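Inspection log for the structure reproduced underneath, given as structure tokens.
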Amino acid sequence: MRFIITAVLLLTFAFPVTAQDPPAPAKGNTPDTWKEFTSKEGKFRVLLPGTPQQQDRVLQTPIGAVKTHDFFLQSDVSAYYLSYAEFPNVGALTPQENKEMLDSSRNRALSDGARLISESDVLVSGNPGREVIAEKQGMILRARFVYVDGRLYNVILGVTANTAFSSGKPSANAADRSELFESISTKFFDSFKLTK
């Protein structure tokens, strides 16, 4: 399990930055721009305000090569990032191992100067997961992590502090979050479903 956690640390929040020219930003909160995106290989579907760019990578970790699949979309309001990493030789986890996996994802998300704003346990398609809200380099990141059937999924929304909080100042109080941030978050995270 310790090697799996080390591998998770290498994967969480490893945003893909490529030399590709990014498409023009999608319109973030216009109802008619949100469409369902489905990854048959990733076994998930989600609503997004455009079509994400995909990048597949193989990372060398202490447990061997780990395939990762990253999806990224920038809108005029927010950035959307989804990824899943395949751990083919790792089966179901005990509740304690799952907690350690989620703790490691959180710790990785908070590395490199990120500051935790809030954290909670959540269900993602009926599976125990973790949600964190963090501030990192002037961005507010809201992320959910879940491990299911040998795959670690990261679902992340990034916005500016002025978009996330009514006062523009990060706060752990949910009442301080802007209506726009809550609306986009709900639409994005609630639409993420695992498929068969």
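The values are calculated or read from the model by the stated rules, or taken from the named source; none is laboratory data. Predicted model, so just to flag it, every value in this text is computed and none were measured. All Cβ positions, even for glycine, are placed from backbone atoms using ideal geometry, and neighbour counts span all protein chains on display. These accessible areas exclude ligands, DNA and RNA; they are computed on the full protein's heavy atoms, side chains included. Shrake-Rupley method; radii C 1.70, N 1.55, O 1.52, S 1.80 Å.
Every residue in segment 108-121 that is in a helix (DSSP H, G or I) and farther than 25 Å from Asp176 by Cβ, please.
Arg108
Name every residue in segment 107-124 that is within 13 Å of Lys136 (Cβ to Cβ) and at pLDDT 85 or above, in order of residue number.
The answer is Ala114, Arg115, Leu116, Ile117.
Please work out if Glu97 is part of a strand (DSSP E or B) and either within 15 Å of the chain's Cα centre (by Cα) or modelled with pLDDT under 90 (or both).
Spelling it out, it is not the case that Glu97 is part of a strand (DSSP E or B) and either within 15 Å of the chain's Cα centre (by Cα) or modelled with pLDDT under 90 (or both).
Any chance you could count how many residues in segment 37-77 are under 18 Å from Val124 (Cα atoms), surrounded by 14 or more Cβ atoms within 10 Å (Cβ to Cβ) and β-branched (Val, Ile, Thr)?
Count: 1.
Looking at Ser111, Ser166, which is the one that is open to solvent by 50 Å² or more (accessible area, probe 1.4 Å) and among the small types (Gly, Ala, Ser)?
Checking each option against the conditions leaves just Ser166.
Within the set of pairs 6+ apart or on separate chains, which have a first residue in segment 180-196 that is within 15 Å of Arg144 (Cβ to Cβ) and in a loop (DSSP other than H, G, I, E, B), a second that is open to solvent by 60 Å² or more (accessible area, probe 1.4 Å) and of a type outside the set (Phe, Trp, Tyr), and C-beta atoms under 9 Å apart?
If the second residue must be open to solvent by 60 Å² or more (accessible area, probe 1.4 Å) and of a type outside the set (Phe, Trp, Tyr), the pairs left are Phe192/Arg45.
Return yes or no: is Gly50 modelled with pLDDT of 90 or more, more than 17 Å from Val146 (Cα to Cα), assigned to a loop (DSSP other than H, G, I, E, B) and among the small types (Gly, Ala, Ser)?
It is true that Gly50 is modelled with pLDDT of 90 or more, more than 17 Å from Val146 (Cα to Cα), assigned to a loop (DSSP other than H, G, I, E, B) and among the small types (Gly, Ala, Ser).
Only one of (1) surrounded by fewer than 17 Cβ atoms within 10 Å (Cβ to Cβ); (2) at pLDDT below 90; (3) assigned to a loop (DSSP other than H, G, I, E, B) is not met by Val90, so which one is it?
Status for Val90: all satisfied but (1).
Determine if segment 152-162 includes at least one residue that is at negative phi, open to solvent by 10 Å² or more (accessible area, probe 1.4 Å) and assigned to a helix (DSSP H, G or I).
Yes, there is a match, as at least one residue in segment 152-162 is at negative phi, open to solvent by 10 Å² or more (accessible area, probe 1.4 Å) and assigned to a helix (DSSP H, G or I).
Within the set of pairs 6 or more residues apart or between chains, which connect a residue that is within 23 Å of Glu182 (Cβ to Cβ) inside segment 69-94 to a residue that is hydrophobic (A, V, I, L, M, F, W, C) and at pLDDT below 85 with Cβ atoms less than 8 Å apart?
Phe72/Phe15; Leu73/Ala26; Gln74/Ala26; Ser75/Ala26; Asp76/Ala26; Tyr81/Phe15
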